[in-house]
Amino acid sequence: MCGIIGYTGYSEARGILLKGLKTLEYRGYDSAGVAVYHPDFRQTLVTKCKGRVEDLMERCDDVKGVTGIGHTRWATHGGVSDENSHPHKFGRVTLVHNGIIENYEAIRGTLNIADRLRSQTDSEIAAALIDRQFKGDPIAAISSAVKKLTGTYAFAVMFDDIPDTIYAVRNVSPIVCCKNEDGAYIASDIMAIGEYSDEYFVLPEFTIAKITKDGYEIVDFNGKPVEPEILKLDWDIRNSGKGGYPFYMEKEIFEQPTVIEKTISSRIVDSLPDFTNEGVDESIFTKCDNISIIACGTAMHAGLIGKQLIESICHIPVSVHMASEYMYSNPIVNDKSLVISVSQSGETIDTLEALKYAKRKGAMTLSIVNVRGSSIARESDNVIYTDAGPEIAVASTKAYTTQLSVFYLVTAKMAQLRGIFTTDEVNAFIDELKKIPDAVRDVLDRAQDVHHLSNAMLTAEHTFMIGRGLDYPALLEASLKLKEISYIHSEAFASGELKHGTIALITSGTPVIALLTQENLVSKQVSNIREVQSRGANVITLVRRSLITDDIECSFELPDLRDEFMVVPAVVATQLLAYYVSSDKGLDVDKPRNLAKVVTVE
Ligand code: M6R
């Protein structure tokens with residue numbers, strides 16, 4: 001939700017800021033802007049507009065100076081307009097903001113500045129508040145201002161009176177910093193500045209960094225110096241382009257065999273799951289008598305599969321919570337609970353807050369996270385990283401299948417430690433897990449067959465997806481994918497539930513995607529397919545190869561794995577389906593409307 005970039009150094013800031021904003025655009029693409037200190041005018045000049053970074057670039061010819069900040073916006077307070085775009089300048093203060101200031105209306109009332117405001121944003125109020133507090137000492141002004149704010153925020157702030165210096169502030173919303181001989185850089189995400197240094201740090205929460213071309217100093221809100229933890233960059237940032245694919249999503253779908261292999265292979269020793277390298281405290285798997293999985297969106301859908309795996313194999317009760325609802329539902333959580341948070345970005349605020357709540361209640365915590373050093377990873381007592389690499393497309397694909405890979409490993413570990421599986425049974429489970437990358441390759445090799453099937457969906461307004469057992473949560477994910485990038489309304493149903501109401505919506509030609517991978521549910525699912533066919537539905541069936549019989553018209557054959565593992569190739573096929581529908585409709589696959597990749601507002 002909103003991307004922040006900043007640079008101060010020896011080079012022109014414009015190119016660095018615009019390049020960084022292009023990388024950060026996946027965080028929000030309602031508007032973009034930069035503010036650069038102009039040495040001739042001795043003040044920070046703002047250039048901004050609604051629309052994409054490309055629109056901004058056209059207006060930046062006159063931007064000059066070696067110190068600047070920039071922003072891509074996902075609108076919260078105030079509509080999508082030039083005025084509401086960031087940076088916001090008020091008096092001598094120019095600021096970009098990621099997050100939400102909850103008490104901005106009350107602060108606006110106390111400042112008495114209604115006639116000077118140019119936007120409807122909470123962010124401009126923060127700029128005005130810092131300007132009001134500024135009496136020559138920027139750190140004192142920022143500290144005193146942030147103590148009056150409630151909500152979450154990362155700010156990058158410049159003062160007209162203090163050239164060539166950027167101040168970065170963090171309360172929850174992330175900011176990372178790095179430096180090299182050419183200057184110092186800040187961003188919401190290391191991908192925007194990773195090319196400039198192999199080392200970086202995440203600005204600690206509740207601190208302010210003063211950034212100059214020679215480096216940085218960090219203090220807490222009471223002025224006490226803080227030493228950041230220096231992290232090593234372990235993603236090949238230079239390799240994170242589209243690699244010849246028209247969209248990141250397609251590239252990321254096709255990366256799945258490799259990243260799944262990477263995620264599992266480093267955690268298997270002698271055909272047994274092994275989390276020693278990441279220092280996971282194995283006692284969490286045996287001490288817990290209940291498990292809660294907290295996550296949002298696609299990550300939550302991975303959790304639904306994790307629930308069925310752990311419950312059916314390890315016989316431990318598992319509940320899955322939408323993170324945004326968790327702490328308001330008075331959940332059962334205590335020192336016998338293992339709370340597993342799942343997140344690609346590691347920054348989703350709902351998941352982070354739910355995790356903090358669970359910790360306050362004494363729960364043991366484990367996070368399955370993709371981004372190293374992210375807030376959720378740092379907050380959690382134990383972390384298992386998915387090795388998906390940077391996921392840029394808003395629609396999550398490889399993060400999901402690597403999250404599932406970790407759930408398989410966790411399930412096997414629990415079953416082993418609790419004596420539910422013998423060593424031979426764990427070995428057999430792990431051997432099947434190792435077959436997933438090839439099964440995914442098998443689907444990807446026939447991507448054009450899925451493309452062909454997607455034609456039937458191009459003009460659809462509504463579609464339904466039906467499946468039983470693990471196929472149902474798999475289709476919840478398939479359905480989300482189709483909705484978010486193709487704008488086709490889609491609902492996934494447990495096949496047996498459809499006739500309890502929703503079947504009323506099936507009319508002649510309604511596309512219905514039916515998934516059939518669970519061996520013991522074949523005859524039931526076939527009956528449910530017949531029920532919708534007899535109401536005129538146009539059924540597209542994705543069927544596990546070994547389950548195909550004369551009774552089943554198969555639209556797309558899925559490779560054969562044990563029941564528990566079928567969800568991975570099945571979902572990959574549906575990712576392709578959604579992708580082809582979206583791209584053939586001419587939509588912006590990677591940046592669907594109204595969305596942002598990282599959701600840092602509640
Ligand atoms: O970064 P996270 O995994 O915590 O993000 C959670 C959801 O916002 C995310 O999965 C979202 O649902 C995706 N756009 C789905 O493709």
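The values are calculated or read from the model by the stated rules, or taken from the named source; none is laboratory data. It should be emphasised that the depicted structure is a prediction, and the values quoted were computed from it without experimental measurement. Heads up, the Cβs are rebuilt from the backbone with ideal geometry, glycines too, and the neighbour counts pull from every protein chain shown.
Listed by first and then second residue, the pairs linking a residue in segment 286-305 that is without any contact (Cβ under 8 Å) to a residue 60 or more places away in the chain and aliphatic (A, V, I, L, M) to a residue that is assigned to a loop (DSSP other than H, G, I, E, B) and more than 9 Å from the ligand (Cβ to nearest atom), with Cβ atoms under 9 Å apart and 6 or more places separating them unless they lie on different chains, are I291/I316; I291/P317. For segment 49-84, a tally of residues being part of a loop (DSSP other than H, G, I, E, B) and more than 24 Å from D164 (Cβ to Cβ) returns 14. Within the option set A428, A474, A494, being at pLDDT 95 or above, aliphatic (A, V, I, L, M) and within 16 Å of the ligand (Cβ to nearest atom) holds for one residue only, A474.
Residues satisfying the criterion are absent from segment 99-121 (criterion: charged (D, E, K, R), part of a strand (DSSP E or B) and in contact with a Lys or Arg (Cβ under 9 Å, 6 or more places away or on another chain)).
Screening segment 278-304 for residues that are of a type in the set (A, V, I, L, M) and either within 20 Å of A596 (Cβ to Cβ) or within 14 Å of the ligand (Cβ to nearest atom) (or both) and picking the one that is surrounded by the most Cβ atoms within 10 Å (Cβ to Cβ) gives I294. With the condition kept exactly as written, say whether any residue in segment 306-316 is crowded, with 23+ Cβ neighbours inside 10 Å, touching a Phe, Trp or Tyr at 6+ places or on another chain (Cβ under 6 Å) and not aliphatic (A, V, I, L, M). Yes: one or more hits.
When S337, S343, S329 are screened for being in contact with a Ser or Thr (Cβ under 8 Å, 6 or more places away or on another chain) and either of a type in the set (K, R) or away from the ligand (no atom under 13 Å from the Cβ) (or both), only S337 passes. Here G373 fulfils each of the conditions (1) out of contact with any Leu (no Cβ under 6 Å at 6 or more places or on another chain); (2) of a type in the set (G, A, S); (3) more than 11 Å from the ligand (Cβ to nearest atom) apart from (1). If you check V581 against the conditions, is it within 16 Å of the ligand (Cβ to nearest atom) and over 20 Å from Y26 (Cα atoms)? Against the criterion (within 16 Å of the ligand (Cβ to nearest atom) and over 20 Å from Y26 (Cα atoms)), V581 qualifies.
From the residues in segment 207-248 that are hydrophobic (A, V, I, L, M, F, W, C) and within 23 Å of the chain's Cα centre (by Cα), which one is modelled with the lowest pLDDT? Once the filter is applied, the top-ranked residue is I237.
Restricting V34, V46 to those that are under 23 Å from I175 (Cα atoms), in a strand (DSSP E or B), modelled with pLDDT of 95 or more and touching a Gly at 6+ places or on another chain (Cβ under 6 Å) reduces the list to V34.
Of the helices (runs of 4 or more DSSP H) that lie entirely inside segment 394-502, those containing 2 or more residues that are under 24 Å from the mean Cα position of the chain (by Cα) span 398-417, 436-445, 471-486.
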